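Engineer: Take a look at the following structure, please.
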Amino acid sequence: MIIATLCGMGFGTSMMLKLFIEDILKDEGIKAKVVPWDLGSFKGQNADIIVAPVDMKRHLKSATSKVVLIHNLVDKAEIKTSILEAIRSLEK
Amino acid sequence: MIENQKSPRSFFLKKILTIETVRANVRVDTWQQAADKVGCLLVEAGKVETKYIRRMKQALDEVGPYVVVAPGIALLHARPEDGVLQPCISLITLENPVEFGHSENDPVDIVIAFGAIDKDSHIPALKQLAEKIGNEQIIKQIRSATSDEFLLEAFIASNQDLSKSKEN
């Protein structure tokens, strides 16, 4: 499974999200590759799940992956609930 | 996983946090002024070129106010090639919160700026930063800091607390 985290430049916000998600996956024993994406280069790339800040919703209208929007990007509990829910929905 | 990503140049927050780049209770009226103030600290400390401030503001104009990462907290940065001379971070608290235009997390009273010299050496420091701003106790201390010294202390002391709790 590939999980992409999205932000404007690909190494700030998206990197923070990636680090949190890797911790969560490790705790849960879930294997997935987490890659940070930036807005300029994400088109044409594939991921099972895209995790993005809620205010980037408008950039994701054409996304075919499962999209997870995060409201508070440093709230591990919110990120955990949202990402696990998305992973489970894909497993069904 | 994170071990693998560490570049030889990687560093932790402690190395880049200094009294020169923190300011408590700064007075501004707009998010642009807040970006100027937090960016100026980095310019004055010789960490970034002046154009870096403009690039940080441009980035926000282009991709939107998602940089307000949590309620009241904005994290600004531009790219390494936008004039970063040394890895750096600055932090200001605002006397009066300002609107960044975020759909949920406005108004903002803590503004952080960082400069990275490449795409990965800042990762250990960024992780520490994320843990800190995700910790309500630490944010409370930062918000209540009345001087630059207290503000820095709130950050550094909490750093030790975090590493202690990890050892346990």
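Engineer: Under 8 Å between Cβ atoms, which residue pairs at least 6 apart in sequence (or on different chains) link something in region B:9-24 that is within 8 Å of B:S90 (Cα to Cα) with a partner that is modelled with pLDDT of 85 or more and of a type in the set (K, R)?
Structural biologist: Pairs found: B:T21/B:K47.
Engineer: Now a separate question. Residues to consider are A:I24, A:I30, A:I2, A:I70; find the one that is more than 25 Å from B:P65 (Cα to Cα), within 14 Å of chain B (Cβ to nearest Cβ), of a type outside the set (S, T, N, Q) and free of Cβ contacts under 8 Å to residues at least 60 places away in the same chain.
Structural biologist: When all the criteria are applied, what remains is A:I30.
Engineer: While we're looking at this one, here's another question. Of the residues that sit in region B:43-94 and are within 14 Å of chain A (Cβ to nearest Cβ) and assigned to a loop (DSSP other than H, G, I, E, B), which one is surrounded by the fewest Cβ atoms within 10 Å (Cβ to Cβ)?
Structural biologist: B:P71
Engineer: Given the conditions (1) over 24 Å from B:P80 (Cβ atoms); (2) among the hydroxyl-bearing types (S, T, Y); (3) touching a residue at least 24 places away in the same chain (Cβ under 8 Å), and given that A:T13 satisfies all but one, which numbered condition is not satisfied?
Structural biologist: Here A:T13 clears every test but (1).
Engineer: While we're on this one: Within region B:1-31, how many residues are part of a loop (DSSP other than H, G, I, E, B) and at pLDDT below 90?
Structural biologist: 9
Engineer: Taking into account only those residues within region A:73-84 that are free of Cβ contacts under 8 Å to residues at least 24 places away in the same chain and within 20 Å of B:I139 (Cβ to Cβ), which is surrounded by the fewest Cβ atoms within 10 Å (Cβ to Cβ)?
Structural biologist: A:A77
Engineer: Of all residues in region A:34-56 being more than 20 Å from A:K76 (Cβ to Cβ) and free of Cβ contacts under 8 Å to residues at least 40 places away in the same chain, which is surrounded by the fewest Cβ atoms within 10 Å (Cβ to Cβ)?
Structural biologist: Going through the qualifying residues, I end up with A:G44.
Engineer: Can you pull out the residues in region A:36-56 that are modelled with pLDDT of 90 or more and closer than 23 Å to B:A78 by Cβ?
Structural biologist: If the condition is that a residue be modelled with pLDDT of 90 or more and closer than 23 Å to B:A78 by Cβ, then A:P36, A:W37, A:D38, A:V51, A:A52, A:P53, A:V54, A:D55, A:M56 are the ones that fit.
Engineer: Examine region A:35-48 for a residue that is within 11 Å of the chain's Cα centre (by Cα) and of a type in the set (G, A, S), and state whether such a residue exists.
Structural biologist: The answer is yes; a qualifying residue exists.
Engineer: Of all residues in region B:95-149, which are more than 8 Å from chain A (Cβ to nearest Cβ) and assigned to a loop (DSSP other than H, G, I, E, B)?
Structural biologist: Selection gives B:E99, B:F100, B:G101, B:D106, B:P107, B:I117, B:D118, B:S121, B:N135, B:A145, B:T146, B:S147.
Engineer: Between A:P53, A:P36, which is within 7 Å of chain B (Cβ to nearest Cβ) and in contact with a Leu (Cβ under 9 Å, 6 or more places away or on another chain)?
Structural biologist: Of A:P53, A:P36, the one residue that is within 7 Å of chain B (Cβ to nearest Cβ) and in contact with a Leu (Cβ under 9 Å, 6 or more places away or on another chain) is A:P53.
The values are calculated or read from the model by the stated rules, or taken from the named source; none is laboratory data. The shown structure was predicted, so the numbers you read here are calculated from the model rather than taken from an experiment. Heads up, the Cβs are rebuilt from the backbone with ideal geometry, glycines too, and the neighbour counts pull from every protein chain shown.
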